[in-house]
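The values are calculated or read from the model by the stated rules, or taken from the named source; none is laboratory data. No experiment lies behind these values; they were computed from the predicted model shown. Reconstructed Cβ throughout: ideal geometry from the backbone, glycine too, with neighbour counts over all protein chains shown.
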Ligand code: BES
Ligand code: MN
Ligand code: MN
């Protein structure tokens, strides 16, 4: 532990500068205009893995953005840790809401503000630096494999293909991922579940062209109004989703599981103040933690129709569109939910409009074990570095690849996240606390040490 702290202390400034360099690449995978920047980010990651001491470093081409691979096999008889992360980021817009530019990392009040600071550059880079530390101090206790991808934020469409084509190369005893949140630094926690996702796009089409809203208004169904009504009907008065069969496969938590989940420190008043909302919302009969961690949900992510430019234009739009996603919980299947959503959404359309439904990416929910060697190693590592054992929680977000690692490679993951829900992931002014960054670099070598020790039995 002293050795770890000493190395971090001596290299602190450089660790930060390197992360800043990484954050300056606008590696937005969703927007083709950043293609070169995304590719340059992969080069940077590969170079840093090499510098840190990884072998077999390769920028693996895919049909989309490349996956950066690297490994250090010190002894085949030792356990192997596969580290997964993503170097791509979400788009930064709306730009005008950023206090400082998203790709010029800026420190305010001990926090690094930049797109990707927490999700996931700041978090996966902790692993690169922890690996460097273990190499330089001769303390690497496990074999390590890195797999850092560039398409997580757009659904990891090509990762499954890569994983299935590289089963041997990716063989490991555990997948270690830092891409989730903790409750707080005072209450360290480990997420033990992630929700799945089914992401849909709908289009409601009325008349064959935009119409004068005075000449035709009142006599022709307005697709924007119809779309709003259809969307509004997807929740009932108890905020329960109304799509038939939607909840059929959902497993209810046992009373014990509910009690454990709700015993995690959570302050509803603070939550509301932070978000500046007068009241919370959600499915009747469930607490806020249950709603985000264990219940499936349906959200409108975006809607557009008609005239949205400056000033006023009197128009009855021809079309209205929305992007709608559903978060899924264990036992629900993304494809199945996409299908029942499509059927239902078409069935509730009135005769005066046509409806199109298409599916975007999806992903399956997962629950990760808390009785595994790897989880115990993570627990011990946190106990050492935070002085407190972690609380197991359920995360509301999705990392579709986690279920895939299980089905394709038969390997379970540990979601070793050091972010905070309040880090504004996907929002303007995303941040990551410098303290969390160093704390992660300090905790990760302990994980490797305990994982090797506990694996010996
Ligand atoms: N790192 C997040 C997921 C996350 C964040 C999990 C916080 C738990 C806590 C990841 O990058 C992400 O944003 N995933 C997407 C899904 C993906 C298919 C676009 C999500 O959850 O919306
Ligand atoms: Mn992420
Ligand atoms: Mn994300």
Note to self: Regarding region 145-154, can at least one residue be identified that is away from ligand 1 (no atom under 15 Å from the Cβ) and out of contact with any strand residue (DSSP E or B) (no Cβ under 8 Å at 6 or more places or on another chain)?
What the structure shows: no
Notebook entry, point to check: Considering region 143-170 alone, what residues qualify as being within 16 Å of ligand 3 (Cβ to nearest atom) and in contact with a helix residue (DSSP H, G or I) (Cβ under 6 Å, 6 or more places away or on another chain)?
Noted result: 148, 149, 150, 156, 159
Check: Out of all the residues in region 104-114, is one or more within 22 Å of the chain's Cα centre (by Cα), within 16 Å of ligand 1 (Cβ to nearest atom) and either buried (at least 23 other Cβ atoms within 10 Å of the Cβ) or not in a helix (DSSP H, G or I) (or both)?
Finding: yes
Next item on the list: Take residue 81 and decide whether it is within 20 Å of residue 122 (Cα to Cα) and crowded, with 16+ Cβ neighbours inside 10 Å.
Entry: yes
Check: If only one of 140, 133, 176 is in a loop (DSSP other than H, G, I, E, B) and more than 15 Å from ligand 3 (Cβ to nearest atom), which one is it?
Finding: 140
Next item on the list: Quickly run through region 394-438 and pick out the residues that are within 15 Å of ligand 1 (Cβ to nearest atom) and part of a helix (DSSP H, G or I).
Entry: 401, 402, 403, 404, 405, 421, 422, 423, 436
Next item on the list: Would you please list the contacts, defined by Cβ atoms under 7 Å and residues six or more apart or on different chains, that run from a residue in region 239-255 that is surrounded by 14 or more Cβ atoms within 10 Å (Cβ to Cβ) to a residue that is assigned to a strand (DSSP E or B)?
Entry: 241/235; 241/298
Notebook entry, point to check: Which residue, of 91, 66, 101, is within 16 Å of ligand 3 (Cβ to nearest atom) and within 25 Å of the chain's Cα centre (by Cα)?
Noted result: 91
Next item on the list: Considering every residue within region 326-346, establish whether at least one is surrounded by 15 or more Cβ atoms within 10 Å (Cβ to Cβ), over 24 Å from residue 157 (Cα atoms) and touching a strand residue (DSSP E or B) at 6+ places or on another chain (Cβ under 7 Å).
Entry: yes
Checklist line | Of the criteria (1) more than 16 Å from ligand 2 (Cβ to nearest atom); (2) farther than 23 Å from residue 7 by Cβ; (3) buried (at least 24 other Cβ atoms within 10 Å of the Cβ), which one residue 131 fails | finding: (2)
Note to self: Among the residues in region 185-208, are any within 29 Å of residue 42 (Cβ to Cβ), in contact (Cβ under 8 Å) with a residue 24 or more places away in the chain, surrounded by fewer than 16 Cβ atoms within 10 Å (Cβ to Cβ) and more than 16 Å from ligand 2 (Cβ to nearest atom)?
What the structure shows: no
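Going by the conditions given, is residue 179 within 15 Å of the chain's Cα centre (by Cα) and either touching a residue at least 60 places away in the same chain (Cβ under 8 Å) or away from ligand 2 (no atom under 13 Å from the Cβ) (or both)?
yes
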Checklist line | Subset tally (residues that are touching a strand residue (DSSP E or B) at 6+ places or on another chain (Cβ under 9 Å) and within 16 Å of ligand 2 (Cβ to nearest atom)) for region 427-454 | finding: 5
Notebook entry, point to check: Condition test on residue 351, is it farther than 27 Å from residue 181 by Cα, crowded, with 18+ Cβ neighbours inside 10 Å and assigned by TED's automatic domain parsing to the domain that holds residue 222?
Noted result: no
Item checked: Filtered residues of region 118-131 (kept if farther than 20 Å from residue 172 by Cα and away from ligand 1 (no atom under 16 Å from the Cβ)) -> 129
Margin query: Would you confirm, using the coordinates I've provided, whether residue 106 is assigned by TED's automatic domain parsing to the domain that holds residue 138 and either farther than 30 Å from residue 139 by Cβ or in contact with a helix residue (DSSP H, G or I) (Cβ under 9 Å, 6 or more places away or on another chain) (or both)?
Written below: yes
Note to self: Between a residue in region 392-409 that is not assigned by TED's automatic domain parsing to the domain that holds residue 378 and any residue that is buried (at least 24 other Cβ atoms within 10 Å of the Cβ) and in a loop (DSSP other than H, G, I, E, B), which pairs come within a Cβ distance under 9 Å, given they are 6 or more apart or on different chains?
What the structure shows: none
Next item on the list: Scan region 69-85 and give yes if some residue there is in the same structural domain as residue 429 (by TED's automatic domain parsing), modelled with pLDDT of 95 or more, within 19 Å of the chain's Cα centre (by Cα) and more than 19 Å from residue 419 (Cβ to Cβ), otherwise no.
Entry: yes
Item checked: Residue under evaluation residue 385, criteria (1) surrounded by fewer than 19 Cβ atoms within 10 Å (Cβ to Cβ); (2) in contact (Cβ under 8 Å) with a residue 60 or more places away in the chain, criterion not met -> (1)
